[in-house]
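> Got a structure for you, questions after.
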Amino acid sequence: MAQPVTLDARARDKDTLLTTKRESLWQDALRRLIRNRAAVIGGVIILILYLTAIFADKIAPYPYEKQTLVDQNKVPAWMLKVFPTMQPYAKISDKYLLGADYVGRDLFSRIVYGTRVSLTVALIGPLISLFIGVIYGSISGYFGGRLDNIMMRIVDVLYAFPGLLFIILLMAFFRSTFARPEPGTFTYTVSQLDARLGGMLFIFIGIGLTAWETMARLTRGQVLSMREKEFIEAARTIGATDLRIMFRHILPNIVGPLVVAETLAIPGYITTEAFLSFIGLGVNPPTPSWGSMISEGAQVIRTYPNQTIFPALALAITMFAFNFLGDGLRDALDPRLRGTQ
Amino acid sequence: MGRYIARRLIYLLVVLFVVSAITFGLMHAVPGGPFDREKALPPEIIENLNKRYHLDEPLLMQYGRYLYDVFIPRISATPPQGSVDDDFLITVKLGNVWFKWMNFGPTYSSRSRTVNDIFRQQLPVSAQLGIMALLVAIIIGMPLGILAALKQNTIFDYLGMSVAIFGVSVPVIILGPLMIWIFGVTLKWFPPTGWGAKPPFVLGIFPRELGPEFFRYAIMPSVALGLGSSAIIARLTRASLLQTMREDYIRTARAKGLRESLVIVRHALKNSLIPVVTILGPLFAALVTGTFVTEVTFGIPGMGRYFVTSITNRDYPVIMGTILLYALILVIANLVVDIVYAYLDPRIRYD
């Protein structure tokens, strides 16, 4: 897809080629990305969010699981100006920046800790789906023939599964298979790891198992278009092995579209995690996730809207940031695609 | 074309078969059974219940029995008994015999209800929500995309694409609660929860009257659900129209002195809408199957809650029924799209 820009440059000004500094595809893309204001803002927000996630225990004024039952549903005084409907019944406490939830946990601290879940998913989700999808797709596309046919039919069948239903089924399977394992067994080790991660391990596996198919299809298509190019043939004639051709010659040339597709898929992974936590199959309580906070808050939205709206805003800001960055990356790596998809 | 459709239909059957096998295997691999309770039932009762629902048989036999009940039509001399075991989704009287097809089985959560009852009463609500959301997506998405393409790089373009980014960045899980709070609780424009149409439905899907009552309830959830898809439609329309406007035949149309409005409507729009039309199928399938959060947030009595409750309760026939139904909707939507595609674009031939 993306032609190395050096070729274009060579065609444009033949004489200056030797004197001007050559610019690689990535340098050129980076330059274009930095010029895109929305993408830069998105990137900065993502950076801030990651810093928040790393230093959550320094930023949050309270531990996320600390319950102060007397402070149930209390709100700070300024909140009454924003949500005047609360006036008649709200109890005021300025101890909490955004108020406290139904068991008296600090909402702000929980939102801060919630960045950890969403942003870990944003990091791990693409890695897993890239790993499986790229291997699967490049084998299918590179070797072609009957193998390709079988592998793609498998992907087709998996596509026919309604995604959310499949992931719910998988989560139910993991959650109850690893519910009460014997110490010392493999399942015990896995469930301990999951408990350490606050229930995120199975979310990763669930997202990974349902998200790789799109990447596999994309990779296959890209590999197919590369496979017949002359430079691949050249590599083959000098005796390069299949593995070398795949990793040294094909993959570096298709990495652009893959990165763009994966960046644009990140909001989807974040939503999936929020959805799973929303229906109670996501993170283990009391680990805070924006999804579970929204679902808890939605039950009291008529009386205490702040308990839903702030986690929802946090989620929205994160989604905006990743979408802006993804759009910017796409425009930067392949200007011809601007505004598509 | 006929051969292509026939091949696709066979393929569809294979897909449904594989989906049903994987689902069946996976759900029985989940530990626990449908009759596990906080306070355990006496073993004799569980034994009897298992016997009643054939859960004591080998898995392969249960699977065979399920496939037999769902896929194999029956011809019977007796009219439907109205019992749980004799509840078929399709029952037609042919002369003096009854043609019965598709018995999706009982639900374990209720002795008198069947999966077919859920399909009859809850599925239409989800379908109505899905159709409304699709309409919202088209009504918002297409004009935005067209405007953005015709006025490329102007304020309209940026505005339209901002709306598109908003749509993909704010899924139902965010938009739902926000809309309830703003338009339902604070401004009191719409009822915050509920659904305006109740069974029985016309043709099994449509509400009996499409009055203000229906829309009062339907508008908020359909916008919440459809906005994300409207973003997809807007982007696709814009990209497709931009590409079409650069085609040679557009230049020809302009060169022969055709009015710009005619060029756009008759030549550009018509051709650029092909890719847009073709994604409506998968989009519809995604909207109907993706109503869960919307239904929970807005308290709509659709299929959504059965997704989760059936799996957590190990209500096997309901799990199988919902997954098979949605898989069917997905594959049929894709099939229809491929056929429509060939019809709209004569260059595409399936042989």
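Listed here are the residues, each with its yes/no results for (1) within 19 Å of residue A:268 (Cβ to Cβ); (2) acidic (Asp, Glu); (3) free of Cβ contacts under 8 Å to residues at least 24 places away in the same chain; (4) buried (at least 20 other Cβ atoms within 10 Å of the Cβ).
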position: A:113; (1), (2), (3), (4): no, no, no, yes
position: A:117; (1), (2), (3), (4): yes, no, no, yes
position: A:121; (1), (2), (3), (4): yes, no, no, yes
position: A:127; (1), (2), (3), (4): yes, no, yes, no
position: A:141; (1), (2), (3), (4): no, no, no, yes
position: A:150; (1), (2), (3), (4): no, no, yes, no
position: A:158; (1), (2), (3), (4): yes, no, no, no
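> On the given criteria, is residue A:195 at pLDDT below 80 and within 25 Å of residue B:36 (Cβ to Cβ)? Reasoning before the result, please.
Numbers: at pLDDT below 80: yes; within 25 Å of residue B:36 (Cβ to Cβ): yes.
Taking the combined requirement at face value, the residue satisfies it.
Yes/no matrix, rows are residues, columns are (1) at pLDDT below 85; (2) farther than 19 Å from residue B:62 by Cα:
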| residue | (1), (2) |
| --- | --- |
| B:79 | yes, yes |
| B:86 | yes, no |
| B:94 | yes, yes |
| B:104 | no, no |
| B:107 | no, no |
| B:125 | no, yes |
| B:130 | no, yes |
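> Could I ask something else about it? Condition (residue is more than 14 Å from every other protein chain (Cβ to nearest Cβ) and farther than 30 Å from residue B:159 by Cβ) applied to the range B:238-248: is it met by at least one residue? Lay out the reasoning, then the answer.
Pass one, the range B:238-248, residues more than 14 Å from every other protein chain (Cβ to nearest Cβ): B:247-248.
Then drop every residue that is not farther than 30 Å from residue B:159 by Cβ, which leaves B:248.
Yes, the range B:238-248 has at least one match.
> Sticking with this one: Given the criteria over 22 Å from the mean Cα position of the chain (by Cα) and acidic (Asp, Glu), does residue B:260 qualify?
Taking the combined requirement at face value, the residue satisfies it.
> Which residue out of B:135, B:129 is within 30 Å of residue B:260 (Cα to Cα) and not basic (Lys, Arg)? Walk me through how you get there before you give the answer.
Details: B:129 fails: within 30 Å of residue B:260 (Cα to Cα).
Matching residue, one of B:135, B:129: B:135.
The rows are residues; the columns are (1) more than 10 Å from every other protein chain (Cβ to nearest Cβ); (2) part of a helix (DSSP H, G or I); (3) closer than 30 Å to residue B:331 by Cβ.
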| residue | (1), (2), (3) |
| --- | --- |
| B:233 | yes, yes, yes |
| B:253 | yes, yes, no |
| B:273 | yes, yes, yes |
| B:276 | yes, yes, yes |
| B:285 | no, yes, yes |
| B:293 | no, yes, yes |
| B:301 | yes, no, yes |
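> How many residues, within the range A:315-341, are surrounded by fewer than 22 Cβ atoms within 10 Å (Cβ to Cβ) and modelled with pLDDT of 90 or more?
Of the residues in the range A:315-341, 3 are surrounded by fewer than 22 Cβ atoms within 10 Å (Cβ to Cβ) and modelled with pLDDT of 90 or more.
> For the range A:93-115, what are the residues that are farther than 14 Å from residue A:297 by Cα and in contact with a helix residue (DSSP H, G or I) (Cβ under 8 Å, 6 or more places away or on another chain)? Give the derivation first.
Initial filter on the range A:93-115 (farther than 14 Å from residue A:297 by Cα): A:93-97, A:109, A:112-115.
Hits for the range A:93-115 are A:93, A:95, A:96, A:97, A:112, A:113, A:114, A:115.
> Then there's this: Are there strands (runs of 3 or more DSSP E) fully within the range B:49-135 with at least 1 residues that are in contact (Cβ under 8 Å) with a residue 24 or more places away in the chain? List them.
In the range B:49-135, the matching strands (runs of 3 or more DSSP E) lie at B:74-76, B:97-101.
> For the range A:175-204, which positions are at the interface with chain B (Cβ under 10 Å from one of its Cβ atoms) and surrounded by 14 or more Cβ atoms within 10 Å (Cβ to Cβ)?
A:175, A:176, A:177, A:178
> Which residues, counting only those in the range B:310-323, are in a helix (DSSP H, G or I) and more than 10 Å from every other protein chain (Cβ to nearest Cβ)?
In the first step, residues of the range B:310-323 are kept if they are in a helix (DSSP H, G or I); the result is B:310-312, B:316-323.
Within the range B:310-323, B:316, B:317, B:318, B:320, B:321 qualify.
> In this structure, is residue B:36 outside any helix (DSSP H, G or I), under 19 Å from residue B:313 (Cα atoms) and away from every other protein chain (no Cβ under 14 Å)?
In short, no.
> Same structure again: In the list A:303, A:308, which residue meets the criterion of being buried (at least 24 other Cβ atoms within 10 Å of the Cβ) and either touching a residue at least 40 places away in the same chain (Cβ under 8 Å) or in contact with a Gly (Cβ under 7 Å, 6 or more places away or on another chain) (or both)? Reasoning before the result, please.
On the way: A:303 fails: buried (at least 24 other Cβ atoms within 10 Å of the Cβ).
Among A:303, A:308, only A:308 is buried (at least 24 other Cβ atoms within 10 Å of the Cβ) and either touching a residue at least 40 places away in the same chain (Cβ under 8 Å) or in contact with a Gly (Cβ under 7 Å, 6 or more places away or on another chain) (or both).
> Would a scan of the range A:151-174 turn up a residue that is closer than 26 Å to residue A:137 by Cβ, more than 14 Å from every other protein chain (Cβ to nearest Cβ) and not in a loop (DSSP other than H, G, I, E, B)?
Yes.
> Go through the range B:139-169 residue by residue and tally those that are facing chain A (nearest Cβ under 10 Å) and farther than 17 Å from residue A:38 by Cα.
4
> Now for a different question. Does the range B:90-120 hold any residues that are in contact with a strand residue (DSSP E or B) (Cβ under 7 Å, 6 or more places away or on another chain) and more than 11 Å from residue B:317 (Cα to Cα), and which are they?
The answer is B:90, B:91, B:92, B:97, B:98, B:99, B:100, B:101, B:102.
> With the requirement that a residue be of a type in the set (D, E, K, R) and over 30 Å from residue B:166 (Cβ atoms), what does the range A:214-268 give you? If you could, list the steps in order and put the result at the bottom.
First, the residues of the range A:214-268 that are of a type in the set (D, E, K, R): A:217, A:220, A:227-230, A:233, A:236, A:242, A:244, A:248, A:262.
Residues satisfying the conditions are A:220, A:227, A:228, A:229, A:230, A:233, A:236, A:242, A:244, A:248.
> Please find, among A:207, A:167, the residue that is under 18 Å from residue A:274 (Cβ atoms), modelled with pLDDT of 85 or more and crowded, with 17+ Cβ neighbours inside 10 Å. Steps first, please.
On the way: A:167 fails: modelled with pLDDT of 85 or more.
Only one candidate qualifies: A:207.
> State whether one or more residues within the range B:158-174 are surrounded by fewer than 16 Cβ atoms within 10 Å (Cβ to Cβ), among the aliphatic types (A, V, I, L, M) and in a helix (DSSP H, G or I).
Pass one, the range B:158-174, residues surrounded by fewer than 16 Cβ atoms within 10 Å (Cβ to Cβ): B:158-159, B:162.
Filter once more, keeping what is among the aliphatic types (A, V, I, L, M): B:159.
From what is left, the residues that are in a helix (DSSP H, G or I) are B:159.
Yes, the conditions are met somewhere in the range B:158-174.
> Scan the range B:17-33 and tell me whether some residue there is more than 14 Å from chain A (Cβ to nearest Cβ) and not in a helix (DSSP H, G or I).
Within the range B:17-33, the first condition is being more than 14 Å from chain A (Cβ to nearest Cβ), and the residues that meet it are none.
Within the range B:17-33, not a single residue is more than 14 Å from chain A (Cβ to nearest Cβ) and not in a helix (DSSP H, G or I).
> If you scan the range A:275-302, which residues turn out to be facing chain B (nearest Cβ under 9 Å) and under 17 Å from residue A:83 (Cβ atoms)?
The answer is A:294, A:297, A:298, A:301, A:302.
The values are calculated or read from the model by the stated rules, or taken from the named source; none is laboratory data. Predicted, not measured: the structure shown is a model, and the values here were computed from it. Cβ: placed from backbone, ideal geometry, glycine included. Neighbour counts: every protein chain shown.
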